[in-house]
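Accompanying notes for the structure given below.
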Amino acid sequence: MGELQELARKLLADGAVKVVIGYEEGPRGVRPAFITTPKDADRLVFDERCVHNLTMYLTPTRKHIAALGKPAIIVKGCDTRSLAGLIRQSQVKRENVVVIGARCGGVLKDPSVKAAIAEDTVADRCRGCTIREPRLVDHLVGEPKPAPPGKSLVDQKIDELDAMTPEQRLAFWHEQLSRCIRCHACREVCPNCFCVRCLADKAEPLESSAHLRGNMAWHMVRAMHQAGRCVDCGECERVCPADIPLRLLNRKIARVIEARFGHRPDDDPESTAPIGSFQPEDGQEFIR
Amino acid sequence: MNLYQPYLMRVDEIIDETVDTRTLKLAFKDPAVAESFTFKAGQFGEYSVFGAGECTFCVASSPTRKGYIECSFKKVGRVTSAMRDVDVGATMGFRGPYGNSFPLDKMEGKSVVFIAGGIGLAPVRCVIWNVLDLRDRFKDVTIVYGARTVGDLVYKRELAQWAARKDVKLWQTVDPGGETPDWKGEIGFVPTIVGKAAPSPKDAYAIVCGPPVMIKFTLPVLAKLGFSDETIYTTLENRMKCGVGKCGRCNIGPVYVCKDGPVFTAAEIKKLPQEF
Amino acid sequence: MTRKAFITESDVRALAADLIAAGTRVVAPGRVGTPLGERIEYRVANKVDEILLGQDEPARSLKDFFLPPTDVILAWQEKKDQVELTPVSSTFAPQVIIGAKPCDAAALEIVDKVMDWDYHDELWFGRRAATTIITLACEGGDRSCFCTAVGLEPSGTRGSDVLLTPAAGGYSAEILTDKGEKLVAAHAVRFGADKGADEARAFAEKGRKRVDANLGLKPAEVRKWLAGHFDDAFWKSIALACHGCGACASVCPTCHCFDIVDECEGLGCGVRRRNWDTCQTAKFTMHGSGHNPRADQSSRMRQRVMHKFCIYPERFGEILCTGCGRCARVCPGGMDILEVVSKVNEMACGGAK
Amino acid sequence: MAETKILAFVCNWCSYGGADNAGGMRLKYPADVRLVRVMCSGRIDPVFIIKAFERGADGVIVSGCHPGDCHYTAGNYHARRRFAVFRELMIFMGIDPRRVTFSWVSASEGGKWRDVVSETVERVRALGPFEGYRGLTGRQHG
């Protein structure tokens, strides 16, 4: 058995953890798995189809997972930034979870089909990845992998949008957001969306209807609430049943924050959040 | 026009029951509707404040009183907050009546025991007045009503009226510690007082309404007194939106509270999955 | 009173062109380009060449056109102490759906039952009455399809007014209802004499076999098991990966639950809307007091499965599922209703437990 | 030119005082503006601005204490970061940022308040009503 499965088996057998949150083979490709007995550890898989960011299963909103007992979780390098965020925001205590880092060389755009990582198969968010070897971990598994190829298309698309006229941009977003049906799947899979009661679940101030006015408000508010916290794991975009390019919004804001406040999401639980902190000398050229 | 279109109602009277509960008396704006509108004790409706939304309550007034309906509510959310803000003369909406009702025809000629806790008196009060307005058709009427504190007792004016009537046996109670120095009623939890009141199960029906915990402990007391589960009625309130079996949220297993209820016998409730 | 005819693919397009030219709304599968790639959706066709007469399943079902994600049910306007209501009309302009999936057409008939349960939902049936559905037989979908397990057919006629089944040179057309007959009569020039019936039968047979391979089910046994296992540990085990997002319900052709909300359009005026809602979120059943009868995700998951395979069949004699497989395709947690139901089926039939 | 509807969110300690001061000094400015007083500019959630447009505002003014003057020490610094991001988001979504004025107005700056309002009104009047946003529900019924 592989290194990962052996480690999981041991953790469960020793009683160090009660559940290993990882990936297994499902009817339509790889999916999240919750392994609770040593003999089931065989079911675990880890390869380039493991696109899911599992860290949201650690948030206090997932009561049914917490009920299983102390978890171990399999994370990719990128996922550790979410984990660091959850620790930073007091949602997860580092000592309450065993972190198994898996070395990663990028995941697939279409995880339902097995394929090698290449320029045209790799998920866009993996391009330019700098964190292939997770650091915030208790155990590290897998062989070092080469960096995923290619340049981010999202950044390219943002540049295109920035170059458009405001009317064109508005038309673009109207077209995209008109497909939104307000299922809020983007929120539910997001490790940052751990609010006990989301603003969107209240009758005020957001309109819950799936018309363009309500959709614009929801996506702007969500983007604002993600500002400085989004780690671009791309889960919201992956799960959107309407294929709305949500990464464009979050990535744009991340770029604004980096340009203005010099902050990038990292895997350090001690770092400061850009929204929620300030510098007296922050730019204010837009303020009268 | 569609089935979600409410009747327009005028707020005729506002009665503060406790610090956080209030009763609104609503009259139909359309005289034709006022004339033709009928309902049965136990039925509910969707009350709305335009701009805030709809909310589900039983009709708290008796079907024997025509031309108006009353609802009693506690301020907990957006709609009930808006309902607290309306003034006399304001316009509200009402859809209904929906759901089944208490079997008054079956109860005729029998004794009736009413047991209620807190604001659970609202649906029971509807039946009480229905019975009292047709008093000669029923045998003994016993009412056991309790609340956490004296301040939490609703329909105080009517409690006084019932207390004054010779043809009604009224037991009022408050939870220990909830009494005031001049409190003349009982002190103790509703199930205990029911045991003390010990209404006869002979030819009798019981109507129980209140917080789940009160119902839970009252049912064994009634059973001990000899009431069968088929003669005990209660009403369930689940979150609802449509009131007519379409919106899909009020079901408890296979039972739709809006269509099969809200009135159930204890026997029916025991058969339900414990998900309410 | 079904009769058969034949129509070529170019005549289907010509028929659509005639309808569009006459101002009838035509809804058909079409490609929608997004920055994330192309998707196929049922949508209003403005031009004939947008219509896709293929086998790909639209990402969303037809319910959007009968129970829109958001729909105005009335408008109000305050005037001093008075409120004026403007009811919305429940008569709708005619629309023709071309190229519907048989499962999506069948879903409408299934949901009809609840929409007519003692109270007649005028908005639903107004749209139903205004719509003529030309269905395109299905060759059997992918591995998540299981329509034959819930009593439907890839070439089934339920809910359709006209069923087109591929045959050499075009489609064998089965005219199933008065509405279908009326449409065909009005466009008689587009239809030829019946031919290709044998090919159509073979197509249907092939499709059925293909779907059959995915899942065999004994719905009555499943229902019985579900009715008796409300508190089974099974429910806890299947909901772990569930995010409670409700994406499954939003793409489901039969999920019809909704919310009613008021929205202001300024001061003293606004509209009341009916919006899609889903049993998968916590707030769906949350009481004003904060008490929630379905407090955890496993109870919400159970509700969805129960509603589809036990409650609805008991009430209306229909499984509230068409086996279209969309929920499995869209689930971010990789959950699969096929898997859940086959496990139930196994427990129900295999004597386990 | 037609009157527009401008909603101003002003902080209790500085900008509301500034507006008061403008009134006290009998400074004249267009009557298009309605004030909503909040305790601090840090309380002004971007969703307020969105909501204002939804309910029919043609323009929005957001105003708080000058940096360093916040009654709560740092509320306006926090607000500044948030607004910087929100403004860029608006631009990215294609919403005209000229419909929103961010400003610092102290309690003694009646003149500045008049200028902020006058400039905003002039700009928003030139842009015309913002029915486009409020009407995004597309009330079609089909």
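Only the coordinates and a few stated rules stand behind these numbers; no lab work does. These numbers were taken from a predicted model, which means no experiment stands behind them. Counting neighbours? That spans all protein chains shown, and the Cβs are built from the backbone with ideal geometry, glycine included.
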- Calculate how many DSSP beta bridges within the protein assembly as shown are antiparallel, expressed in % of all such bridges and rounded to the nearest 5. 55
- Burial ordering of D:Arg37, B:Arg157, C:Arg60, fewest other beta-carbon atoms within 10 Å first: B:Arg157, D:Arg37, C:Arg60
- Under the Karplus relation 6.51 cos²θ - 1.76 cosθ + 1.60, θ = phi - 60°, what is the ordered set of whole-Hz ³J(HN,Hα) values for segment C:170-177, x standing for Gly and Pro? x, 9, 7, 9, 10, 9, 9, 9
- Task: Rounded to whole Å and ordered largest first, report the semi-axes of the equivalent ellipsoid of segment C:248-315 derived from its Cα gyration tensor (root of 5λ).
- Result: 27, 17, 10
- Query: Rounded to whole Å and sorted largest first, what semi-axes of the equivalent ellipsoid does the C-alpha gyration tensor of segment C:290-346 yield via the square root of 5 times each eigenvalue?
  - Reply: 19, 17, 10
- Task: Return A:Asp42, C:Asp161, A:Asp120, A:Asp232 ranked ascending by Cβ neighbour count within 10 Å, so the fewest neighbours appear first.
- Result: A:Asp120, A:Asp42, A:Asp232, C:Asp161
- Take chain C, connect every pair of alpha-carbon atoms lying under 10 Å apart with a spring to form a Gaussian network, then pick out the residue of C:Pro69, C:Pro166, C:Pro102 with the largest mean-square fluctuation. C:Pro69
- Message: Using alpha carbons only, how many angstrom separate the centre of segment C:291-325 from the centre of segment A:65-117?
- Response: 32
- Message: Give me the one-decimal nm value for the distance between modelled label points at C:Lys218 and B:Gln274, 7 Å along each residue's Cα-to-Cβ direction.
- Response: 3.1
- By how many degrees, between 0 and 90 and to the nearest 10, does the Cα long axis of helix D:15-24 differ from the longest principal axis of chain D? 80
- Can you give the average number of partner chain beta-carbon atoms within 10 Å of each beta-carbon in peptide A:214-227, as a whole number? 5
- Task: Using a cut-off of 11 Å between beta-carbons, work out the net charge of the residues near A:Arg255 (Lys and Arg +1, Asp and Glu -1, A:Arg255 not included).
- Result: -2
- Task: Treating the Cα atoms of the protein assembly as shown as identical point scatterers in vacuum, please give the log10 of the normalised Debye intensity I(q)/I(0) at q = 0.07, 0.08 Å⁻¹, two decimals.
- Result: -0.74, -0.97
- Query: Once amide H atoms are built 1.01 Å from N in the peptide plane, which residues 5 or more positions from A:Ala72, or in another chain, come under 5 Å H to H?
  - Reply: A:Lys18, A:Val19, A:Val20, A:Ile21, A:Val98
- 3J(HN,Hα) from dihedral phi, segment B:62-77, Karplus parametrisation 6.51/-1.76/1.60, rounded to Hz, x for glycine, proline: 8, x, 7, 9, 8, x, 9, 9, 10, 9, 10, 8, 10, 6, 10, x
- Expressed in nanometres to one decimal, the distance between label points 7 Å along Cα→Cβ at A:Phe286 and A:Thr130 is 2.5
- Residue-wise, which Karplus ³J(HN,Hα) couplings in Hz belong to segment B:152-162, taking 6.51 cos²θ - 1.76 cosθ + 1.60, θ = phi - 60°, and x for glycine or proline? 8, 6, 9, 6, 4, 4, 6, 4, 5, 4, 5
- Rounded to the nearest 0.05, what FRET efficiency is calculated for B:Lys29 and B:Asp167 with R0 set to 35 Å and r the Cβ-Cβ distance? 0.45
- Item | Shape call, segment C:157-261: gyration tensor on alpha carbons, a/c limit 1.5 | prolate
- For chain A, any Cys whose C-beta has no other cysteine C-beta under 4.7 angstrom counts as unpaired, and these are A:Cys50, A:Cys78, A:Cys104, A:Cys126, A:Cys129, A:Cys180, A:Cys183, A:Cys195, A:Cys198, A:Cys230, A:Cys233, A:Cys240
- Spatial separation of Cα centroids for segment B:230-273 and segment C:137-200, in angstrom: 42
- Query: Cα gyration tensor of segment B:7-98, axes a ≥ b ≥ c as square roots of the eigenvalues: rounded (a/c below 1.5), prolate (a/b > b/c) or oblate?
  - Reply: prolate
- Message: Can you sort C:Arg300, A:Arg49, C:Arg31 from fewest to most other Cβ atoms within 10 Å of each residue's own Cβ?
- Response: C:Arg31, A:Arg49, C:Arg300
- Roughly how many whole Å is it from the C-alpha centroid of segment C:215-272 to that of segment B:142-193? 43
- Query: In nm, to one decimal, how far is the modelled label at C:Glu346 from the one at A:Met164, with both set 7 Å along Cα→Cβ?
  - Reply: 4.9
- Item | With Cα atoms, 0 to 90° folded angle of helix B:212-225 axis to chain B main axis | 40
- Based solely on C-alpha atoms, express the radius of gyration and the Dmax of segment A:3-141 in angstrom. 14.5, 43
- Item | Cβ-Cβ FRET estimate between D:Ala31 and C:Lys80, R0 fixed at 35 Å, reported to 0.05 | 0.90
- Message: Tell me the angle of helix A:246-261 to the major Cα principal axis of chain A, expressed in degrees between 0 and 90 and rounded to the nearest ten.
- Response: 80
- Item | Prolate/oblate/rounded label for segment A:153-261 (Cα gyration tensor, a/c 1.5) | oblate
- Query: Restricting to lysine pairs 8 or more places apart or on different chains, what number in segment A:54-138 have Cα atoms under 28 Å apart?
  - Reply: 6
- Query: For A:Lys93 and A:Arg264, what is the calculated FRET efficiency with R₀ set at 22 Å and r taken between the beta-carbons, to the nearest 0.05?
  - Reply: 0.35
